[in-house]
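Encoded as structure tokens, the structure appears first; notes follow it.
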Amino acid sequence: MNSSPFTLFPKDWKDANSSYLLLILLFLCIMIASVLTSFGMLLAHEIWGFSIKELPELSSRIEEHSVLRCMQMLQLFSSIGLFLLPPIAFIFITKLRLFKINNFPSAIVAIIGILLMWSFLPMINFSAELNASIQLPSYFDSIMQWIQEKEDAANIVATGFLKMDGFTDLGLSILIIAIIPAVGEELLFRGTIQPVLQRVFKNPHWAIWGTAFIFSFIHFQFLGFLPRFLIGGFLGYLFYWSGSIWLSILVHFVNNATAVIVYYLNQHNFILYTTDHLGTGETKIIEVIVSIILVVIGLRLIFLKTFINSSHQKIIN
């Protein structure tokens, strides 16, 4: 029998109500993110002299070097506080083993996962086009205006972060856009929320897509909701079928780092196109179909290889 959700510290967290576990995790996210964001704001004031009232408007001045560095620091603190530290604190408090930290993917599985992420790009970009083309009825105009304003503000910040004059900027962008989000978001969403939701739904597929929904929603960029939702589902299946949180972290990192590096090479005229062009040209239907086929086959290969290895280990033991 599950312990009462009103029990602050259950004797055994394994018996705790799943909804209560999610509330504990939400509380940790809000509390730790608030503390680190506030600390980041104080540092911004001490280092660059920006007042707290100025910070919300800084995105319009991101072309200024001091503003860019300030926003990069704030983004770093925000990501660590919201994504990275809460799941670590949650696992420390509850002692729940929601994933095996020492379960590393084999080299073959890791390579397959990376190739699948790259193969999935045409489908991701095509879904982004579909998402952007959605038109809501006129009585949702005020909501759509708010969404567009949020999207424009996010794009301004993203463009500023991706303007890289040298290797220092490239390294900072990889840290802020690829490393911290890959580790933090995977620990939070795939490593913590997905297993807890599986306890709620009693079905791994509902847990995977429920987590993907939360993963996409929490970014509050609704014009990119569908592609982020699909990426969340893809990463969820990688984690579930491989049993390795490190695989989803690796693939998440490679996806984000690829975009950063390609943008860097494009800005410095080493290449002509970015990954955004995949799945959006005249041959996009063919590219999308091939993308889906490759991803389905690849995920199946990861499932079969993991299943076979697991069965082999059971026979040896």
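Here, each number is a calculation from the coordinates, and none is a lab measurement. Keep in mind that this is a model prediction, so the values were computed, not measured. In this analysis, Cβ positions are derived from the backbone assuming ideal geometry, glycine residues included, and neighbour counts consider all displayed protein chains.
Here is how the numbers come out for the structure above:
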{"read-out": "Taking the convex hull of Cα positions in region 1-159, its mean projected area over all directions (nm²)", "value": "15.4 nm²"}
{"read-out": "Per-q log10 I(q)/I(0), the chain, q = 0.07 Å⁻¹ (Debye; single scatterer per alpha-carbon; no solvent)", "value": "-0.32"}
{"read-out": "Too-long pairs where the Cα-Cα distance tops 23 Å, listed order kept, from 100/202; 53/150; 150/284; 284/305; 53/163", "value": "150/284; 284/305; 53/163"}
{"read-out": "Ellipticity estimate at 222 nm from DSSP helix runs (n ≥ 4, -39,500 (n - 2.57)) divided over the chain, nearest 500", "value": "-22500 deg cm²/dmol"}
{"read-out": "Directionally averaged shadow of region 116-225, computed from the convex hull of its alpha-carbon atoms, nm²", "value": "9.0 nm²"}
{"read-out": "FRET efficiency, residue 297 to residue 149 (Cβ-Cβ, R0 35 Å, nearest 0.05)", "value": "0.30"}
{"read-out": "The chain: DSSP helices with Cα axial extent of at least 20 Å and average Kyte-Doolittle hydropathy no lower than -1.0", "value": "18-48, 65-79, 107-133, 141-161, 225-242, 245-267, 284-316"}
{"read-out": "Paramagnetic reach from residue 276 (point 7 Å along Cα→Cβ, amide N under 12 Å) across region 108-128", "value": "none"}
{"read-out": "12 Å beta-carbon shell around residue 123, net charge (K/R +1, D/E -1)", "value": "-1"}
{"read-out": "Assigned charges on the beta-carbon of Lys, Arg, Asp, Glu; region 1-96 dipole about Cα centre (debye)", "value": "320 debye"}
